[in-house]
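The values are calculated or read from the model by the stated rules, or taken from the named source; none is laboratory data. Remember, predicted model here, so these are calculated numbers, not experimental data. Cβ: placed from backbone, ideal geometry, glycine included. Neighbour counts: every protein chain shown.
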Amino acid sequence: MKILGIITEYNPFHKGHAWQLETTKKICEADGVMILMSGSITQRGDFAIINKWERTQLALASGVDLVCELPFGYACQSAEAFARGGVKILNATGVCDFLSFGSELGELEPLKSLAAILAKEPPEFKRLLTIALGTGVSFPKAREQAIRSLLGQKTSTLLATPNNILAIEYLKTLIIANSTITPITVKRQGAGYHSLDSKDYLSATGIRKILLESLKNNHLDSNSKLTLEDNLPYSIEALLTSMENVHSQGDERFLNALRVVILSRNVGHLKNTPYVTEGLEHKIRDALKTEKTLDALVDTIISKRIPKTRVRRILCNRILELDKNVLLSFQSPSFTPYLRVLGFNPKGQAILRKIKKQGEIPILTNLSRGERLLSPSQREMLYYDIRATDLHNLFYEKDYMYHKDYTKSPILF
């Protein structure tokens with residue numbers, strides 16, 4: 001049984017995802033597909049537009065066999081931590097044969113060559129990186145400049161787009177871990193990652209914009225409905241039904257909670273948040289005192305060196321009270337996470353049986369029973385997943401249910 005793995009957001013699942021899934025299945029002749037999906041908060045530092053069980057249902061309806069949660073300790077972090085955590089889990093299952101990911105390039109070898117250099121970090125690269133960082137630019141931009149000086153403009157452009165960057169991090173992690181998983185990349189189809197253009201396939205960002213505008217106006221116009229219908233591989237009613245419980249003032253609720261958590265404590269509490277450096281804690285506190293919306297808050301904090309995604313991750317890490325030392329413990333090579341199951345079909349159930357026989361990772365289908373299988377450090381990681389779900393439910397859903405993770409069973413499709 002050949003198993004294809006995908007590490008993803010599906011926020012929400014759209015035709016571009018379906019194209020990647022079907023294309024890769026044909027390339028590797030996979031018998032089954034398992035995914036690791038961000039739970040309540042995504043890699044760019046946003047709460048997911050609909051909850052993880054609704055997104056699981058849409059993924060299973062679109063050809064995925066087994067949906068598992070990528071823990072918050074990996075999901076809402078840098079591209080490197082996101083990739084490292086996902087690959088670590090897939091390696092530990094003992095059953096994943098292939099890892100598929102999209103990229104703007106769509107060719108594996110140039111990405112692998114650059115990943116090998118970044119994995120080894122030769123002395124000249126380190127020297128050039130230090131020089132670039134000294135100019136005051138962000139780390140991703142400094143790394144791109146260092147590679148440009150070392151290998152030329154063509155190679156450095158591979159570090160200029162989000163899907164290529166994440167692809168390189170997957171490949172780098174596979175190299176460092178000596179993984180037996182075979183990587184496969186397919187060229188990203190349609191609009192860019194952040195694009196609102198509906199040419200070919202509309203991006204998840206574009207779909208979310210339409211959905212949020214319809215939520216705000218309490219109306220989905222005919223043009224927007226047609227656009228969604230053209231970009232979803234499933235019935236639009238399935239997505240609109242999922243949106244019925246979404247609260248239109250989620251960002252305002254989140255912002256108010258941030259004010260309570262951050263302004264009611266001393267600045268050291270914020271300083272200990274992952275990705276907070278160089279006095280950024282003071283800038284965040286000052287902005288919270290004056291800005292009226294979440295978007296305005298983020299725009300006030302960003303700078304040449306501090307991109308928007310980093311700010312949003314900081315805010316999410318702080319609202320979950322995740323500190324730097326705890327995050328470091330999750331990224332330790334000796335730390336093994338768990339496999340949290342969100343949903344499956346009969347083929348996915350067969351994959352789970354295979355993982356149980358061959359894997360070296362605890363499988364969680366029922367938290368009340370399953371968390372007893374975990375070590376103290378694994379239970380600590382699970383705590384943040386549960387807290388992220390509670391806050392997603394509190395801020396962005398109409399019907400609040402405390403500790404929903406303990407009451408929701410995996411989706412059977």
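Data table
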read-out: Conditions (1) in a helix (DSSP H, G or I); (2) over 24 Å from Asp385 (Cα atoms); (3) not β-branched (Val, Ile, Thr); number of the one not met by Ser303; value: (1)
read-out: Residue match in the range 252-273 (condition: assigned to a helix (DSSP H, G or I), among the hydrophobic types (A, V, I, L, M, F, W, C) and under 30 Å from Arg372 (Cβ atoms)); value: no
read-out: Set Leu158, Leu150: member being crowded, with 16+ Cβ neighbours inside 10 Å and touching a Pro at 6+ places or on another chain (Cβ under 7 Å); value: Leu158
read-out: Only listed residue being under 18 Å from the mean Cα position of the chain (by Cα) and modelled with pLDDT of 95 or more, chosen from Leu327, Leu270; value: Leu327
read-out: Some residue of the range 78-100 being part of a loop (DSSP other than H, G, I, E, B), among the acidic types (Asp, Glu) and closer than 24 Å to Thr309 by Cβ; value: no
read-out: Only listed residue being assigned to a loop (DSSP other than H, G, I, E, B), of a type in the set (A, V, I, L, M) and buried (at least 18 other Cβ atoms within 10 Å of the Cβ), chosen from Leu315, Leu322, Leu297; value: Leu322
read-out: Residues of the range 144-180 satisfying the condition of being more than 23 Å from Gly5 (Cα to Cα), among the small types (Gly, Ala, Ser) and under 21 Å from the mean Cα position of the chain (by Cα); value: Ala160
read-out: Pairs with Cβ under 7 Å, 6+ apart, first in the range 298-325 and touching a residue at least 40 places away in the same chain (Cβ under 8 Å) and of a type in the set (S, T, N, Q), second buried (at least 17 other Cβ atoms within 10 Å of the Cβ) and in a loop (DSSP other than H, G, I, E, B); value: Thr309/Arg44; Thr309/Gly45; Asn317/Cys76; Asn317/Thr273; Asn317/Pro274
read-out: Some residue of the range 114-136 being in contact with a Pro (Cβ under 6 Å, 6 or more places away or on another chain), at pLDDT below 95 and not hydrophobic (A, V, I, L, M, F, W, C); value: no
read-out: Residues of the range 335-357 satisfying the condition of being of a type in the set (A, V, I, L, M, F, W, C) and part of a helix (DSSP H, G or I); value: Ala350, Ile351, Leu352, Ile355
